[in-house]
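The values are calculated or read from the model by the stated rules, or taken from the named source; none is laboratory data. Quick caveat: nothing in here was measured; it's all calculated off a predicted structure. Virtual Cβ from ideal backbone geometry, glycine too; neighbours counted across all protein chains shown. Only protein heavy atoms, including side chains, enter the accessible area calculation; ligands, DNA and RNA are left aside. Shrake-Rupley method; radii C 1.70, N 1.55, O 1.52, S 1.80 Å.
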Amino acid sequence: MLKAIALFELRTQIKRPLLWLVFGVFFMMAFGATVSDSVQIGGGIGNIHRNAPSVILQFHLILSIMSLVITTMFVAGAILRDFETGTYELFFSRPIRKVDYLLGRFLAAFGVSVVAFLGVPLGMIIGSFMPWLDPIRLGPFLPQAYLYAILVLALPNLLLSAATFFTVASLSRSMLYTYLAVVGFFAAYIVALTLIRDIESRQLGALLDPFGAAAIGQATRYWTVVESNTALPQLSGTLLANRLIWLAVALGMLILALLRFRFTQPARRPGKAALAANATNGVLERLAPATEKLPEAVRSFTLVAALRQLLHQARLEVAGVLKSVPFPVILAFGMVNLVASIALSDMIFGTAVWPVTHLMIRSIGSGFTFLLVIVITFYSGEVIWRERSVKLNEVTDSMPVPNWVFLAAKLAAQLAVVLTFTAAGIVTAMVCQLGMGYSHLEPLVYLKGFVVMVMPFVLFCFLSSFLQVASGNKFVGYLFMVLALVSSGVLESLDFSHNLYNFPGTPDAPYSDMNGYGHFVAPTVWFNVYWAFFAAGLASLAALLWVRGTDTSWKARWSLVRQRFTGPVRVVLLVAGLGFVVTGGFIFYNTNVLNEYVPPDVVRERQAEFEKKYRQYRDVALPRVRDIYADVDIFPAERRVEIRGRYKVANSGTQPLAEIHMTIPHRVKVNRL
């Protein structure tokens, strides 16, 4: 019976999109952090290899901590589903052993959690073989490092969290108490981190840390770069004790669940909703049947009526997305990673810095909003094909509603995801600032950063929706979106890096406490307008290709495209096309004609030529600077600086210097030397 229950639960979990969404999130996070410096998991890896054993341990450790909320959804959902759906009486009335019922559900849910987490090593392994990575940043492929990380860190952490949440959920039969257990886990982790800051309690903190992070940190505290690139910590001493202690705790939690669980459901008092429903039913029973003739509905097909339909449909779509189970899970997932990224980003070259706002915005971009691409990809398929997945498409397709109303409403749902996600990141960053003792909050700076961060993801909503509609199949649309994302990395590796053909490319817009976003605003706006015209064209094509009715063949769809290609659509496509070409030409004129555009491959060629030309002087003795005096006038609005000063240099060697060499940037104008 245990095997039958486990297989039943496993089939149920596998059919749900949450598993594959989480697997994709783990995969993309590990893949992105491996192939790019713009995606961070915890702290940066510096001079250590991207696939070094220490990095593999760090990724598995941090992501196993972040998986707490996700493990909760799997294991708590497995045991609470019967109580939520009211099917527990069917199971409890059958001759099923308690051990079979509980362990069957637990083993299946734990197995699903492990499958979802396997996206981490898979993403790292595939990412480390990408052709555009610099071979200098990579070490040899070490399968034993992945095996160590999974067996010593990931699996024990997943087992501990799964056993704890499963026990709390089975005994309390409440998701609320289960989430309180998650909070308790994080509290224990914070206590351990606090203890290891004091050298006298570091050993105790390493033992009390339920995830093993403190024990790993203690074992590798004084490692050199070479050891970090090649070695694994020995499974002995404090690390072994930590793992055995918390594995015993996990086993104890499962035993507690087996001993305390009962095949009964306590009686519950009727809630306010039930009492109100009974009262309403009593009133309705006393009402006499209506005899009056109902008024005729006023039929209107004007633009005002379509806008009202859009508003109503958008409310339904937005509520359906924001109230869905995966959304808060992924949101919490991103917030945990953001907190970890902020906590580990308070050092620059070994010097502690204040958590100023522009650093928080940078952390949001690198450790939080990159998840939005995955979330947008997932929800674009869900909202576009929602009616067909629940067999309601024939009802909605027969309604007198224009195609653009449905499309715009589904785009509104995706935009709500983007806005909610980014706003949650900003609130989390502000809370972290206050928690780190920094009270100089700058909401206007956050608002500006919000606009800069959000626009590329808004454009991704249009691209993903178009690919879903054009493909005619949800999973084919997912595949097209993945190919579109991979193509950007491929183009960059082939030195096609211009933002004019890398959707939705914009120049970097760093923030300065002295000058704000300064001169970066104008080019960013122009590129966003350029890609907005492109997105408008995609939306028009999506409205033309919108799947409606039972005949979804390409022949039928192309026939509908010709019918739908009327005046309004032609105008939108014409304006979008002209705007795209005109703004693209203006940008090209400014970047490539008025200014010098230097692609990365040319930069590397110039660097190589510089090294060859001046290599002969690499061993020339140079004087040491003893004293510096400088008057610096900065003109931020003019992007100009004037410097007047002097250096006092001295020969620190034993031989006289026949020559003095210096480097002057080619953009600097030297008035007197």
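Observations on the model:
- Debye intensity ratio I(q)/I(0), log10, segment 325-480, q values 0.09, 0.11 Å⁻¹ (C-alpha model): -0.37, -0.52
- Ranked from largest to smallest solvent-accessible area, with a 1.4 Å probe on the protein heavy atoms, Lys648, Lys410 come out as Lys648, Lys410.
- Base-10 log of normalised Debye intensity for segment 451-490 (one unit scatterer per alpha-carbon) at q = 0.16, 0.21, 0.34 Å⁻¹: -0.42, -0.66, -1.04
- Exposure of Trp246 as accessible area (Å², to 10), given a probe of 1.4 Å and all protein chains: 50
- Surface listing: Ile136, Ile150, Ile126 arranged by accessible area from highest to lowest gives Ile136, Ile126, Ile150, probe 1.4 Å.
- Note on segment 401-546: the alpha carbon radius of gyration divided by the globular reference 2.2 N^0.38 Å gives 1.22.
- Protein-only accessible surface order, largest first, of Phe533, Phe26, Phe31, Phe8 at 1.4 Å: Phe8, Phe533, Phe31, Phe26
- Treating each Cα of segment 500-556 as an identical point scatterer and summing with the Debye formula, the log10 of I(q)/I(0) at q = 0.13, 0.21 Å⁻¹ comes to -0.53, -0.83.
- Within the accessible surface of segment 587-673, defined with a 1.4 Å probe on protein heavy atoms only, the carbon and sulfur portion equals 51 percent.
- Segment 578-663: chymotrypsin sites (Phe, Trp or Tyr not before Pro) falling in loop per DSSP and having at most 15 other Cβ within 10 Å: Tyr597
- When the surface is traced with a 1.4 Å probe over the full set of protein chains, Ser512 keeps roughly 50 Å² accessible.
- Principal axis box of segment 566-673, alpha-carbon based, largest edge first, Å: 86, 35, 18
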